[in-house]
Amino acid sequence: MNDDFVTAARVTDVAPGTGKAVIVGEREIALFNVAGVFYALENHCPHQGGPLADGWLDGAVVTCPWHAWTFKLSDGKMTLGDFARVDTFEVRVEGNDVRISRTPQSTAQ
Ligand code: FES
């Protein structure tokens, strides 16, 4: 599965404390930089499809810009309850390339 990762951005494209929507295969992914650590989530909020990449970051939590649902970047789960989540994707930084897996991470916890 090594070829599962695609280069989606440059490290310098996403400043610390910000997010950016990128395309990975057929998906739109919200890529976030939290103090130099990158996280990748499905960009479409499960509520009504709001763009999470345009949301507000508070540490490793993003707030949807449309109706303020909040998701943990680490596992895509809502902070207020376990009734909705977004897919997360493994990220690898190689030099100045940010590479994202096309395959959602396992939801098994
Ligand atoms: S679309 Fe995200 S909270 Fe409504």
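Any read-out appearing in this document is the output of simple, stated calculations on the displayed coordinates, not a laboratory observation. Note that the structure is predicted; figures quoted are calculated from it, not measured. Cβ coordinates were reconstructed from backbone atoms using ideal geometry, including for glycine residues, and neighbour counts include every protein chain displayed.
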| query | Do you know the relative contact order of the chain, to the nearest whole percent, from alpha carbon pairs under 8 angstrom that are 6+ apart? | reply | 26 percent
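Restricting everything to alpha-carbon atoms, can you work out Rg to Rh for the chain with a Kirkwood hydrodynamic radius? Don't skip to the answer; put the middle values down first.
Working: Rg = 12.8 Å, Rh = 13.6 Å.
Expressed as Rg/Rh, it is 0.94.
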| request: Take ALA60, project a point 7 Å from its Cα along the Cβ direction, then tell me which residues of the stretch 1-41 have their backbone nitrogen under 14 Å from it. | output: 32-41
| message | Once you place label points 7 Å from the Cα toward the Cβ at VAL6 and THR70, how far apart are they in nm? | response | 3.3 nm
